[in-house]
1. Is it fair to say SER224 is without any contact (Cβ under 8 Å) to a residue 40 or more places away in the chain, surrounded by 14 or more Cβ atoms within 10 Å (Cβ to Cβ) and under 23 Å from LEU56 (Cβ atoms)?
2. If we scan region 46-60, do we find a residue that is in contact (Cβ under 8 Å) with a residue 60 or more places away in the chain and out of contact with any strand residue (DSSP E or B) (no Cβ under 6 Å at 6 or more places or on another chain)?
3. Return yes when GLU287 is modelled with pLDDT under 90, more than 22 Å from the chain's Cα centre (by Cα) and not in a loop (DSSP other than H, G, I, E, B) and no when it is not.
4. Of these, LYS53, LYS29, LYS49, which one is of a type outside the set (A, V, I, L, M) and in contact with a Leu (Cβ under 8 Å, 6 or more places away or on another chain)?
5. Inside region 137-163, can you point out the residues that are buried (at least 24 other Cβ atoms within 10 Å of the Cβ) and either over 18 Å from ILE101 (Cβ atoms) or polar (S, T, N, Q) (or both)?
6. Tell me which residues, restricted to region 196-206, are in contact (Cβ under 8 Å) with a residue 60 or more places away in the chain, out of contact with any Leu (no Cβ under 8 Å at 6 or more places or on another chain) and either under 10 Å from TYR298 (Cβ atoms) or in a loop (DSSP other than H, G, I, E, B) (or both).
7. Do we find that GLY266 is in contact (Cβ under 8 Å) with a residue 24 or more places away in the chain, out of contact with any Cys (no Cβ under 6 Å at 6 or more places or on another chain) and not in a helix (DSSP H, G or I) in this structure?
8. So which residues in region 291-306 are in a loop (DSSP other than H, G, I, E, B) and in contact with a Ser or Thr (Cβ under 6 Å, 6 or more places away or on another chain)?
Amino acid sequence: MTQSANKNIKKKVKTMKKLKVASIQMVSKNNDYEGNVSRALPLIEEAAKKGAKLILLPEAALIGYVFDDSLWTMAEPIQGRTFTWLKGLCKAHDVFIGTCILEKSGEDFYDTFILVGPGEHDFWSHRKIEPASYEAYFFAGGGLNPNVFATPIGRIGVSICFDSSKTHTLSSLIDGMPEILLNTYSCPGLPWFILPGHRKNWVDVYEKTAAIYTGILPVPLVISNKTGSFESPVPGLPLLRANAEFVGRSAIVDRNGRVLASLRQGPGVLVEEVELGRREEPSTSKERLPRGRWLLPYTGLIKVLMEFSYLSGKIRYRFSKKRKAAAKGITSM
């Protein structure tokens, strides 16, 4: 190797951006906004105290996760109470914080990731591309929409929970050329009435997702999920209830796929410094994408169940008078 080549490598190493990031894993109770705020606050403050500049909360951290019309009462405008709360924390600690809200826009609801920073104009958002399974009964998909943000601390990509399972999500991220990726989850295990082998596959695939992503898009990855119990009615089957535990397993992974920190279960904060950017040129990333709709290797049964509940939910959502009334602010559902 020539001396000039060595100098170029050293220059790249010297100019490599580093960022201290945090993943928060927390208990999030249904329809308990103030309680969830009180549970999130000390974890955010702990992350900031440890020097984190970018802090990721789970999907819908402040509203809970339930397949019930009561979820609509937790909705807010894009820059509503959650934005206001996060903006105050970002200014106080000089940090950037992201989570998902249930956004109300016109007659529709969306699962929307918001990233807030300390500056006056530090605000970015991305709507979940497709609702997962029974989520489609309660909010619409945003379709393909920008999922990489150009921020003062770097180009930040985001994938919301089950969106990570689809090739179109990763393809869109590759196009946006992020320097770091945030995967925010509200992912429980599958309920008791699903056969054990499929329940195991669900968790196994979740654990493999980081390796699959960094193998195709080699950038640092921050994963944040909930912990604790999940309980919900099953739409269309009023006598059946889904009972499970949130998968947990939040983690921080470097761009080589090495797990820097992880948390299996229970509330906690992970803080690590990562090098932003790719470990290689982006030209080959799309060549590594599998063909078809599905990126992650779920069983055939899981795919069928997820697609069936998604499609039936879209129909119910579209024609729901209760949804339209809730969006107009009518609380009697």
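1. Numbers: without any contact (Cβ under 8 Å) to a residue 40 or more places away in the chain: no; surrounded by 14 or more Cβ atoms within 10 Å (Cβ to Cβ): yes; under 23 Å from LEU56 (Cβ atoms): yes.
No; evaluated as a whole, the condition is false for this residue.
2. Narrowing region 46-60 to residues in contact (Cβ under 8 Å) with a residue 60 or more places away in the chain: 46-47, 50-54, 56-60.
Imposing the further condition that a residue be out of contact with any strand residue (DSSP E or B) (no Cβ under 6 Å at 6 or more places or on another chain) reduces the set to none.
No, that holds for no residue.
3. yes
4. On the way: LYS29 fails: in contact with a Leu (Cβ under 8 Å, 6 or more places away or on another chain); LYS49 fails: in contact with a Leu (Cβ under 8 Å, 6 or more places away or on another chain).
Selected residue: LYS53, the only one of LYS53, LYS29, LYS49 that is of a type outside the set (A, V, I, L, M) and in contact with a Leu (Cβ under 8 Å, 6 or more places away or on another chain).
5. The answer is ASN147, GLY157, SER159.
6. Step one: filter region 196-206 for residues in contact (Cβ under 8 Å) with a residue 60 or more places away in the chain, giving 197-198, 201-202, 205.
Subset that is out of contact with any Leu (no Cβ under 8 Å at 6 or more places or on another chain): 197, 201.
The one that is in contact (Cβ under 8 Å) with a residue 60 or more places away in the chain, out of contact with any Leu (no Cβ under 8 Å at 6 or more places or on another chain) and either under 10 Å from TYR298 (Cβ atoms) or in a loop (DSSP other than H, G, I, E, B) (or both): ASN201.
7. Values: in contact (Cβ under 8 Å) with a residue 24 or more places away in the chain: yes; out of contact with any Cys (no Cβ under 6 Å at 6 or more places or on another chain): yes; not in a helix (DSSP H, G or I): yes.
Answer is yes for this residue.
8. Quick first cut of region 291-306, residues in a loop (DSSP other than H, G, I, E, B) only: 291-293, 295-299.
Matches in region 291-306: LEU295, LEU296.
The values are calculated or read from the model by the stated rules, or taken from the named source; none is laboratory data. Because the structure is a prediction, the values reported are computed rather than measured. When we count neighbours, we look across all protein chains shown, and the Cβ atoms used for this are built from the backbone with ideal geometry, even at glycine.
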